[in-house]
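Report on one structure; see the data block that follows.
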Amino acid sequence: MTTGAATDLEGAYAAAVSLVRDAPRLLVTTHENPDGDAIGSLVAAARSLRLGGWDAVAFLAGTTQLPQEYHFLDQEIELVRELPADWRERLLLALDCGSAPRTGLSDEELAAFPAIVNVDHHHDNPRYGTAAVVDPAAPCCTVMVRRLLEGLGAPLDDVVRQALYVGLVTDTGRFSYSNVTGDALREAARLVDEGVRPHEIFGRVYEDVPVAKARLLGIALARLELRLDGRLALTHLLRTDFEAAGAAEPFSEGIIEHVRALRGVEVAVLVREPRDPDGPRFKASMRSRRPEVDVSRVARLGGGGGHVQAAGFSSDLELPELLAFIERELAADGAL
Ligand SMILES: [Mn+2]
């Protein structure tokens, strides 16, 4: 039986396919401070579209360094960090961006694109864009990208498949989070059947850790603070900590998963001070162990968003006030 939601989703994919198919030129992008799913989605889409003959530029806003563990992918697509001269004539394909500002583009810029196609799996996506394909049941954005590419008849090669697999393995916490479904595993199996070698991806993404990243993790763990009878674990990293560890900005990715894994902890929080002194003072990331504890609600109250169990926001509060805000709002939820 086809449900209404499934029919809507099919219609949304069809609308996205027809817009992308007929676009003379494309700008493919993902969210700032991209994770494995964001980079995987961007690389898979940009590369496959180019293989299929589209004029697709891969763009990422901002200047923050990309996580080095995905460099084997982003080096394949000539990623640009400045908008190309003809960007106003390009359809914007936004991948894994839960809201339009997550693209890092200004409201004026977003309004100037001839069309925007929004492909994403965040439940709080407001369905911005000319066509919005939003599927909160998708374990990662790369499975949605594959469906879009198949609708377009765009070819897949080894790099595209590796990028698709990286989205799956990272957004599911190596196939361990509550978003792991039979479909997610079947999608992974299909990619493996098609030639992706999981141990090779594992080696590149998880076993090529710079020592400075381990030192940064050490600083964060040493500073761990437990509140709400141990159900809430908080830590923070200042700019000076990155300097002391010799760590680049993206080296803080993954630390929060170590914190969430601790016995009795229901919600893990990592607050970090971004390198850019002109941006927000702090960025807070939150991870919940159970879907009943919705950290995206707190993130939205703070002006951000995300998934039920993984969300974040930026803040200009002082650190003690910021931590108190998070604690208060999580406690107010009743589920924690
Ligand atoms: Mn994602």
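What follows draws every value from the coordinates through simple rules; no lab data is involved. Bear in mind the structure is a predicted one, so any value in this text is a computation, not a measurement. With ideal geometry, Cβ positions are generated from the backbone for all residues, glycine too; neighbour counts draw on all protein chains shown.
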Exercise. Can you give me the Cα centroid spacing of segment 229-273 and segment 136-165 in angstrom?
Worked result: 31 Å
For this session: Set the Förster distance to 25 Å, then compute FRET efficiency between Asp8 and Thr181 from the Cβ-Cβ distance, nearest 0.05.
Result: 0.80
Seminar exercise, completed: Among beta bridges assigned by DSSP with both residues in segment 85-235, the antiparallel ones amount in percent, to the nearest 5, to 25 percent
Exercise. Are there GluC sites (Glu not before Pro) in segment 54-110 that DSSP puts in a loop and that have at most 16 other Cβ atoms within 10 Å, and which ones?
Worked result: Glu78, Glu82
Exercise. Within segment 42-107, which chymotrypsin sites (Phe, Trp or Tyr not before Pro) sit in a loop by DSSP and count at most 13 neighbouring Cβ atoms inside 10 Å?
Worked result: none
Exercise. What is the gain in length, in nm to one decimal, between Asp316 and Ser18 on full extension, counting 0.36 nm per residue of separation less the C-alpha to C-alpha distance?
Worked result: 103.1 nm
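Mind ordering 45-53, 298-306, 14-22 by average Cβ neighbours within 10 Å, highest first?
45-53, 298-306, 14-22
What value, in deg cm²/dmol to 500, does the helix sum -39500 (n - 2.57) over DSSP H runs of n ≥ 4 give at 222 nm once divided by the residues of the chain? Don't jump to the answer; show the numbers that get you there.
Details: 13 runs with 138 residues, N = 336.
So the helix-based figure for the chain works out to -12500 deg cm²/dmol.
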Exercise. Roughly how many nanometres apart are two label points built 7 Å out from the Cα toward the Cβ at Ala189 and Asp55?
Worked result: 4.3 nm
Exercise. Anyone know which of Leu270, Leu148, Leu224 comes out most mobile in the 10 Å Cα GNM of the chain?
Worked result: Leu224
Seminar exercise, completed: Cα-based Rg and Dmax for segment 211-332, in Å, come out at 13.4, 39
Problem set entry | Distance in nm between pseudo-label sites at Leu226 and Ala212 (7 Å out along the Cβ direction from Cα) | 3.3 nm
Exercise. Once all Cα-Cα distances of the chain are split into 20 Å bins that start at 0, what whole-number percent is in each one?
Worked result: 31, 59, 9
Exercise. So what does the Cα-only Debye profile of segment 1-135 read at q = 0.12, 0.15 Å⁻¹, as log10 I(q)/I(0), no solvent term?
Worked result: -0.43, -0.68
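Figure the gain on full extension for Leu301 and Arg275 (residue separation times 0.36 nm, minus the Cα-Cα span) and round it to one decimal in nm. Each step should come with its number before you reach the end.
On the way: separation 26, 0.36 × 26 = 9.36 nm, distance 2.40 nm.
Result for the pair: 7.0 nm of gain on full extension.
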Problem set entry | Inter-label distance for Glu257 and Ala111, nm, one decimal - labels placed 7 Å from Cα along Cα-to-Cβ | 4.1 nm
Seminar exercise, completed: With DSSP loop assignment and no more than 10 other C-beta atoms within 10 Å, the trypsin sites (Lys or Arg not before Pro) in segment 185-294 are Arg263
